[in-house]
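Novice: Quick one: structure below, then a few questions.
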Amino acid sequence: MPKFTSAERILVKSIIASLSIKRIPEQDIIDEIYRQTKKTITESGMFYIRKDIKKESYQWYKTMREGEYEYIHEFREHINEILDLQKRHYEIVDSPIVSIPAKQASLFELHKLTVTLSNLFDVAPYITSNSNVTVSAPSETKTIGSEARTEEPISQVV
């Protein structure tokens, strides 16, 4: 495997990750890496880079799972990013010098961002508890014959 600079290694990881998700054949990924870096990588080299990507992903997940506030911080950052993108799209829509087709495209993107943001706000109450959130209805007491019986609340794990 050729020696990559740290910047090239980041680029190669990014290429492999994004093209692998799209189910691009390995040879096409190798060709794209060569096109962008002018260095040839083997299939075994790609295997080790994929393995490295998986290790990094696991470490990220472990940090999110074990950290008390990391996941909530990431969640909040994602919401702030969406709010910032919405603000920029509103500026495009309100600008007198932007063309109508660009404004329409911006409005379409604004709608998608609003739906995403709404979904995030819907799940926000559930992220502060560990993965077992219980939604309960008040318990009822029913009298059957001479004995009183309490029914357990309906619970749902989210």
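Only the coordinates and a few stated rules stand behind these numbers; no lab work does. Every value quoted in this text rests on a predicted model; they were computed, and no experiment measured them. FYI the Cβ positions are ideal-geometry reconstructions off the backbone, even for glycines, and counts take in every protein chain you see.
Novice: Going highest first, how would you order 72-80, 41-49, 12-20 by mean Cβ packing within 10 Å?
Specialist: Values: 72-80: 13.1, 41-49: 14.8, 12-20: 17.0.
Ranking the peptides 72-80, 41-49, 12-20 by packing returns 12-20, 41-49, 72-80.
Novice: Could I ask something else about it? Can you sort T116, T40 so the residue with the fewest Cβ neighbours within 10 Å comes first?
Specialist: Working: T116 15, T40 12.
Result, fewest neighbours first: T40, T116.
Novice: Which pairs in the list K22/K103; K54/K112; K51/K112; K3/K51 are over 25 Å apart, alpha-carbon to alpha-carbon?
Specialist: Working: K22/K103 30 Å; K54/K112 30 Å; K51/K112 34 Å; K3/K51 17 Å.
From the list (K22/K103; K54/K112; K51/K112; K3/K51), the Cα-Cα distance tops 25 Å for K22/K103; K54/K112; K51/K112.
Novice: So between S44 and Q86, what do we pick up on full extension, going 0.36 nm a residue minus the alpha carbon distance? Write out the running numbers ahead of the final one.
Specialist: Values: separation 42, 0.36 × 42 = 15.12 nm, distance 4.31 nm.
Stretched out fully, the S44 to Q86 stretch lengthens by 10.8 nm.
Novice: Which FRET efficiency value, to the nearest 0.05, is calculated for T5 and S95 with the Förster distance at 41 angstrom and r the Cβ-Cβ distance? Numbers along the way, then the final one.
Specialist: Values: r = 41 Å, r/R0 = 0.99.
The pair T5/S95 has a calculated efficiency of 0.50.
Novice: Output ³J(HN,Hα) for segment 49-62: one whole-Hz value per residue in order, computed from phi by the Karplus curve 6.51 cos²θ - 1.76 cosθ + 1.60 with θ = phi - 60°, and x for Gly and Pro.
Specialist: After applying 6.51 cos²θ - 1.76 cosθ + 1.60, I find 5, 4, 4, 5, 4, 5, 4, 4, 5, 5, 4, 4, 4, 4 Hz.
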